[in-house]
Every structure is written in C-alpha cells, then in structure tokens.
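A.B. asks: Provided herewith is a single structure, encoded as structure tokens, for subsequent inquiry.
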C-alpha cells in the first residue's frame with residue numbers, strides 16, 4: 001500500500017470516528033422557558049416554591065454539555081446561595097472548574113453537587129445567572145435529573161422555623 005493511500009485511509013478513519021463520538025442530546029424537558037441544542041441549553045426559570053425545581057435530560061455518547069440557567073427569585077425570601085444536585089443514577093457529573101455565577105463568587109464542587117455562595121444575595125424578584133458543564137458518560141443513552149435548591153438567608157429559615165413551631169403549639173392547644 002502506498003504512503004498516500006495509508007494517509008488517506010487513516011484520515012477517513014479519524015473523520016468517521018470523530019463523527020461517531022459526536023454528542024447527541026436526545027431529549028430535554030423542564031417546566032421552564034428553555035432552548036437547547038446538542039451542545040448546550042439556555043434556561044429561564046422562575047423559582048416560586050421554596051422546594052426544589054427539576055430538569056430532566058437524556059443524552060447519548062460521551063460529551064460535555066453546557067447549561068446556562070437564569071433563576072428568578074419568586075420564593076418570597078432572599079437567597080444567600082444556590083445548590084444544584086445531579087442524581088448519581090443518571091451517571092452524568094459536573095465538570096470541575098466550569099461553574100460560574102452572576103451573583104455568587106464561591107463554588108463548592110463534588111461530581112454530583114455544585115453549591116454557589118457569597119458575596120451577594122439574590123433579593124425577592126431578583127435573578128441569578130448560573131453556568132456549568134456536565135460530563136455525560138461514554139455509553140448511552142443516559143437520563144439524568146438536575147435538582148435546583150435555592151438557599152434562604154438564615155434569618156428567613158429561623159422565621160420559618162418559629163412559624164412552624166407556633167402552628168404546632170396552636171394545634172396542640
């Protein structure tokens with residue numbers, strides 16, 4: 001086989017393999033306004049309940065998927081932080097060093113949890129922008145859920161706790 005033929009054959013194999021390894025986002029669902037493509041998603045979400053909000057995604061093949069979230073604080077309390085949790089059963093993980101925020105400077109990272117905090121708060125009616133990358137495993141498809149939990153300021157948590165205690169005491173009497 002000539003050197004030219006070997007070169008072109010190896011180039012064809014590289015091109016074919018790179019096409020096969022290209023990521024493919026199969027589906028994306030959320031109760032928020034969003035747009036998505038095989039490489040990333042942009043989400044505008046009003047968080048109105050103090051509990052978690054979820055996103056569910058399904059993807060094939062190994063890829064890094066960028067998620068940009070704008071979360072609007074409609075909860076009735078000030079946020080001092082924001083936590084994002086991935087279900088480990090989905091096999092997707094956060095990519096260390098890729099997270100950023102428009103409000104929070106500190107990011108604590110584990111493969112399945114990102115916690116944003118300090119220096120600023122997100123006031124009631126305010127918004128926070130969050131960006132991070134997800135690593136999707138080699139074999140697929142994988143479906144994974146991202147749970148978002150705003151962290152209330154400590155004074156709000158204390159007031160909510162006192163209110164719950166008052167309700168319990170009133171109910172007993």
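Just so you know, all these numbers are worked out from the coordinates, no wet-lab data involved. Since we're looking at a predicted model, the values are computed, not measured. When we count neighbours, we look across all protein chains shown, and the Cβ atoms used for this are built from the backbone with ideal geometry, even at glycine.
A.B. asks: Counting DSSP beta bridges in segment 31-159, what percent are antiparallel, to the nearest 5?
C.D. replies: 85 percent
A.B. asks: How do 67, 33, 122 line up, fewest other C-beta atoms within 10 Å first?
C.D. replies: Going from sparsest to densest Cβ surroundings: 33, 67, 122.
A.B. asks: Could you line up 36, 79 from fewest to most neighbouring Cβ atoms inside 10 Å?
C.D. replies: 36, 79
A.B. asks: For the pair residue 96/residue 33, report the inter-label distance in nm, with labels modelled 7 Å from Cα in the Cβ direction.
C.D. replies: Spacing of the two 7 Å Cα→Cβ label points: 3.7 nm.
A.B. asks: Still on this structure: R0 = 25 Å: FRET efficiency of residue 139 with residue 64, Cβ-based, nearest 0.05?
C.D. replies: According to the calculation, E is roughly 0.95.
A.B. asks: What does the extension gain come out to for residue 169 and residue 74, with contour length at 0.36 nm per residue minus their alpha carbon separation?
C.D. replies: Going from the current span to full extension adds 31.3 nm.
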